[in-house]
1. If r is the Cβ-Cβ distance from A102 to E188 and R0 is 30 Å, what FRET efficiency results, to the nearest 0.05?
2. Could you work out the longest stretch of the chain that avoids the GluC sites (Glu not before Pro) located in DSSP loops with at most 14 other Cβ atoms within 10 Å?
3. Restricting to DSSP H runs of at least four residues, report the calculated mean residue ellipticity at 222 nm for the chain, -39500 (n - 2.57) per run over all residues, nearest 500 deg cm²/dmol.
4. How many nm separate the modelled label positions at L176 and E230, each set 7 Å beyond the Cα in the direction of the Cβ?
5. Counting only trypsin sites (Lys or Arg not before Pro) that sit in a DSSP loop (anything but H, G, I, E, B) with at most 13 other Cβ atoms within 10 Å, what is the longest stretch of the chain containing none of them?
6. Give, in whole angstrom and from largest to smallest, the semi-axes √(5λ) of the equivalent ellipsoid of segment 130-246, with λ running over the eigenvalues of the Cα gyration tensor.
7. Rounded to a whole number, what is D in µm²/s for segment 41-167 from Stokes-Einstein with the Kirkwood radius over alpha-carbon pairs (25 °C, 0.890 mPa s)?
8. So with the 1.4 Å probe, I'd like the accessible area per residue for segment 249-297, rounded to whole Å².
Amino acid sequence: MPSFLVDAHLDLAWNARALGRDLTLPLEALRAQDPHPDTPLVTLPSLKEAGVALAFATLFVDPKEVPPGAYEEEALAQLALYEAWEKRGLVRVLREREDLLAHLKRFPEDRVLGLVLLMEGAHPLPSPGALGAWRRRGLRLLSLTWATKNAYAGGNAEPGPLTEAGRALLGEMEALGVALDLSHLAEEAAWEALKVYRGPVAATHANCRALVPSERHLSDGLLRVLAEREGVLGLVPFNAFLDPAWKRGMPRLPLEAFLRHKAHAEAVMGPGRVGLGTDWDGGFGLEAVPQGLDRHRDLLALGEEGFLGGNWLRWLLGWF
């Protein structure tokens, strides 16, 4: 078992608020009472059971579901939930390097989950200058958009370039020590962002476009540049991201479908640049993940210590 298991993408607060799930329950208890058709994969006790030491926890506002005037309010409500969990001793929010270092010393004894805050899509930011207030509350990673085109960049579902506001936001991120998540960016915008932004870069939850030809995933060219920039790719065990022929309602794919993406990414980037970013319960559930992956403890069979946590931890320690 790895010393530190890291999941680079979990929509914990979104699940609690948008789906009304009590993530403080044991996983079996949540599954027994949850009315949602997608069977849950994640609760805080299930993460503890698996030995997950760190998770990149999102502040995610779905621009298709939330009115534009409420983006900031919803993101603040999700942040408040993480802070409430922290007060209860259920998690630790890691805001600064000292927090991360202290957490790594304490985790082997108390097994309290450490959260690194990631804003998935900059929709809650009315302007680049608004980033400073979020950084003071602990935000450490940011993706410019989520699928749709916004004021900052084109997304995977609505392609477009980086905007002037996007360039300004990248400048703020670099100055404040906020890392760039390439996930959901349009290819054009991603290449432009990599030229403008010189800070730490990752893709917290994306797979290989060479195997699934979709704008949602990263081309081999982007994977190579990400590795050159000492970034890490978080692979997603979601069937639709593993095989373009898979559709909801079909049988779960064999685990080999995920391992093909792992092998391809490691061949392109090197084994030290690939890890996990499950995106679990980010709009899908148990029925949509490969066979044998029923909860976080099952991820331990997918690889060695570096893939399961060490690669992400080394990336964090390089800049956090």
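1. That pair, A102 with E188, gives E of 0.15.
2. The longest such stretch corresponds to 97-303.
3. Dividing the helical sum by the residues of the chain leaves -10500 deg cm²/dmol.
4. About 2.3 nm, to one decimal.
5. Working: sites that count: K64, R88, R111, R198, K247, R248.
In the chain, the maximal stretch lacking such sites is 112-197.
6. Ellipsoid semi-axes (Å, largest first): 24, 15, 13.
7. Once the numbers are plugged in, D ends up at 156 µm²/s.
8. Roughly 37 Å² per residue, with all protein chains present.
The values are calculated or read from the model by the stated rules, or taken from the named source; none is laboratory data. Please read these numbers as outputs of a predicted model, since none were measured by experiment. A quick note on method: Cβ atoms are made from the backbone with ideal geometry, for glycine too, and the neighbour counts reach across all protein chains shown. Areas reflect the complete protein model, heavy atoms only, side chains present, ligands, DNA and RNA absent. Shrake-Rupley method; radii C 1.70, N 1.55, O 1.52, S 1.80 Å.
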